[in-house]
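Read the structure below first, then the notes.
The values are calculated or read from the model by the stated rules, or taken from the named source; none is laboratory data. These figures come from a predicted structure and were not determined experimentally. Counting neighbours? That spans all protein chains shown, and the Cβs are built from the backbone with ideal geometry, glycine included.
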Amino acid sequence: MDKFVINGGKRLQGEVTISGAKNAAVAILPATVLADGPCRIENVPNISDVSVITEILYHLGAGVRVINKTTVEIDPRHINSYSVPSELARSMRASYYFIGGLLGRERRARVTMPGGCDFGVRPIDQHIKGLESLGAKWGMEHGMLSFEAQELVGSQVYFDMVSVGATVNVMLAAVKARGLTVIENAAREPHIVDLANFLNTIGADIMGAGTDVIKIRGVSHLAGGTYSIIPDQIEAGTYMAAAAATGGDVLIRNVIPKHLESITAKLEEMGVEVEEYDDAVRVRRAGPLQRTNVKTQPHPGFPTDMQPQITVLLCLAQGTSIVAENVWDNRFKYVEELRRMGANIQVDGKIAVVEGVGKLLGAPVRAVDLRAGAAMVIAGLAAEDHTEIDDIYHIERGYENLVEKLTRLGADIRRIHIPDDLYLAKAL
Ligand code: EPU
């Protein structure tokens with residue numbers, strides 16, 4: 001049981017380099033099972049979700065070779081299993097990308113219902129609908145989802161809602177199907193484009209990624225190759241929010257400014273200065289934060305994965321702001337934690353009304369999920385006094401070297417290890 005301890009009120013200043021994108025890495029690494037040769041993937045973030053994916057690959061029989069701190073080579077040639085170990089799959093959402101990947105490779109896949117952040121119900125009906133239309137049959141046995149296809153045949157797939165995961169899974173299965181698959185109402189997130197670019201690099205024929213219609217012409221062979229993952233849009237956005245929250249001045253390097261436009265626009269509305277360079281953004285705040293309204297939307301709208309972080313900024317602003325969560329049913333659980341720090345937020349379903357309180361006060365809080373945890377870190381950095389954040393394993397699923405990066409920017413943050421028996425002693 002480890003925790004972060006933050007002494008808040010320090011202005012962040014300096015430079016930080018953004019790591020590879022989590023949500024691209026957790027799609028591209030499973031996609032390597034489709035290849036017929038080794039794939040060298042660069043700019044891989046060193047986070048626990050990536051470790052779980054590489055462990056799954058290893059269990060399936062793939063060769064996994066760590067080349068250096070950010071590069072891993074996956075050799076899928078000796079994969080000899082189509083069943084993803086439950087204990088690994090349960091710890092994260094993206095384990096279900098092995099359904100599309102293994103169906104494409106082996107024409108069958110077995111995966112337990114995936115885990116991941118708890119935002120209420122997280123159905124997979126669109127994944128199933130898409131894979132069925134390519135010819136897969138599925139069933140549930142002993143809590144395991146089984147998929148099988150005699151043959152995968154290209155098809156027209158229309159999603160009822162925009163789903164990143166369903167778009168990825170159908171792309172993966174369609175890459176080696178016979179004929180043309182057309183995905184309509186596809187997700188347009190940068191990680192979808194990154195996955196398509198990776199697959200095209202090793203020989204796939206995918207057009208339209210980044211628009212809402214993706215066309216995939218199946219091929220029989222995918223070679224190996226080398227590919228570098230894009231920078232993490234949400235990690236970058238989180239540091240942008242942290243700079244703004246602390247009235248700081250931070251140069252955020254290794255970003256694609258185009259991916260940050262919706263975040264930049266919101267920060268500017270709030271009185272934060274954002275300067276764009278080719279592969280960096282500088283975020284500065286001198287004056288007070290202004291209120292604004294935020295609606296989360298699929299890309300290119302404001303990302304739901306930045307909703308908790310921006311809500312912290314709205315707490316520090318003057319006036320009343322409305323936050324509408326339009327992607328997930330239940331992504332305001334962290335509000336209870338922010339209230340401990342003095343926030344004044346009322347939640348009604350998918351709407352939060354945030355009364356700016358100007359400042360927050362340090363308190364013991366929990367990371368209820370990954371981005372909620374990032375929001376607690378930002379709140380702690382901006383707050384007066386001392387904040388302790390529990391359940392930081394959620395945060396470490398998605399942020400590489402958070403403590404080191406923030407410390408270099410002048411934050412007073414430590415990660416402390418508390419032996420489990422001490423926790424028990426406290427509870428008794
Ligand atoms: N949905 C369905 N049926 C489906 C699939 C999705 O109803 O079959 C609904 C969901 O319940 C949700 C909406 O569609 O209301 C969007 O879900 P989506 O499938 O797009 O989400 P996901 O693929 O499970 C990914 C990211 C999340 C991010 C969402 C939305 C990964 C591994 N996860 O999840 O990232 O919030 O897209 O952008 O890519 C995070 O990084 O913190 C994170 C949670």
Which condition does LEU381 not pass, out of (1) more than 24 Å from LYS10 (Cβ to Cβ); (2) in contact (Cβ under 8 Å) with a residue 60 or more places away in the chain; (3) not in a loop (DSSP other than H, G, I, E, B), if it passes all the others? (1)
Residue under question is ASP2, and the condition is that it be surrounded by fewer than 24 Cβ atoms within 10 Å (Cβ to Cβ), within 16 Å of the ligand (Cβ to nearest atom), modelled with pLDDT under 95 and of a type outside the set (A, V, I, L, M, F, W, C); does it hold? no
Unique residue being more than 16 Å from the ligand (Cβ to nearest atom), surrounded by fewer than 23 Cβ atoms within 10 Å (Cβ to Cβ) and of a type outside the set (Phe, Trp, Tyr) when the list is LYS359, LYS350: LYS359
Looking at this structure, is ALA177 more than 16 Å from the ligand (Cβ to nearest atom) and among the small types (Gly, Ala, Ser)? yes
Inter-residue pairs, beta-carbon under 6 Å, first in contact (Cβ under 8 Å) with a residue 24 or more places away in the chain and in segment 171-188, second crowded, with 24+ Cβ neighbours inside 10 Å and of a type in the set (S, T, N, Q), 6+ apart: ALA174/THR181; ALA186/THR167; ALA187/THR167
What number of residues within segment 173-203 are more than 16 Å from LEU103 (Cα to Cα), of a type in the set (A, V, I, L, M) and over 20 Å from the mean Cα position of the chain (by Cα)? 4
Options ILE230, ILE234; residue that is within 16 Å of the ligand (Cβ to nearest atom), under 17 Å from VAL72 (Cα atoms) and in contact with an Asp or Glu (Cβ under 6 Å, 6 or more places away or on another chain): ILE230
Answer yes or no as to whether SER155 is within 23 Å of GLY210 (Cβ to Cβ), more than 9 Å from the ligand (Cβ to nearest atom) and out of contact with any Leu (no Cβ under 7 Å at 6 or more places or on another chain). no
A careful count of residues in segment 280-315 that are more than 16 Å from the ligand (Cβ to nearest atom) and touching a Lys or Arg at 6+ places or on another chain (Cβ under 7 Å) gives 3
Within segment 264-282, does at least one residue satisfy the condition of being touching a residue at least 40 places away in the same chain (Cβ under 8 Å), surrounded by fewer than 18 Cβ atoms within 10 Å (Cβ to Cβ) and in a strand (DSSP E or B)? no
Here's a check for you: in segment 316-325, which residue that is in a strand (DSSP E or B) and surrounded by 16 or more Cβ atoms within 10 Å (Cβ to Cβ) is nearest to the ligand (Cβ to nearest atom)? VAL323
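Results for (1) within 11 Å of the ligand (Cβ to nearest atom); (2) closer than 24 Å to GLN233 by Cβ; (3) basic (Lys, Arg), shown as yes or no for each residue.
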residue	(1), (2), (3)
GLN126	yes, yes, no
GLY135	no, no, no
GLY143	no, no, no
GLU148	no, no, no
GLU151	no, no, no
PHE159	yes, yes, no
ARG188	yes, yes, yes
ALA204	no, yes, no
Do we find that LEU145 is surrounded by 15 or more Cβ atoms within 10 Å (Cβ to Cβ), over 17 Å from ILE216 (Cα atoms) and out of contact with any Pro (no Cβ under 8 Å at 6 or more places or on another chain) in this structure? yes
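Step by step: first the residues of segment 326-345, then only those that are in a helix (DSSP H, G or I) and surrounded by fewer than 18 Cβ atoms within 10 Å (Cβ to Cβ), then the one that is nearest to the ligand (Cβ to nearest atom). Which residue is that? I'd like the intermediate steps shown before the answer.
If we filter segment 326-345 for residues that are in a helix (DSSP H, G or I), which is where we start, we get 335-340.
Subset that is surrounded by fewer than 18 Cβ atoms within 10 Å (Cβ to Cβ): 336, 339-340.
Values: GLU336: 19, ARG339: 22, ARG340: 22 Å.
The selected residue is GLU336.
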Checking ALA411 against (1) within 30 Å of PRO298 (Cα to Cα); (2) touching a strand residue (DSSP E or B) at 6+ places or on another chain (Cβ under 8 Å): exactly one of these is not met. Which one? (1)
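When segment 350-373 is examined, which residues are found to be among the charged types (D, E, K, R) and not in a loop (DSSP other than H, G, I, E, B)? Please lay out each step first, then the result.
The first filter runs over segment 350-373 and keeps only residues among the charged types (D, E, K, R), leaving 350, 355, 359, 366, 369, 371.
Listed by number, the residues that qualify are GLU355, ARG366, ARG371.
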Wholly within segment 52-138, which helices (runs of 4 or more DSSP H) include no fewer than the required count, namely at least 3 residues that are surrounded by fewer than 18 Cβ atoms within 10 Å (Cβ to Cβ) and not aromatic (Phe, Trp, Tyr)? 125-133
Determine the pairs where a residue that is at negative phi, located within segment 55-74, has a partner that is small (Gly, Ala, Ser) with Cβ atoms under 6 Å apart, the partner being 6 or more residues away or on another chain. LEU60/SER81; ILE74/ALA62
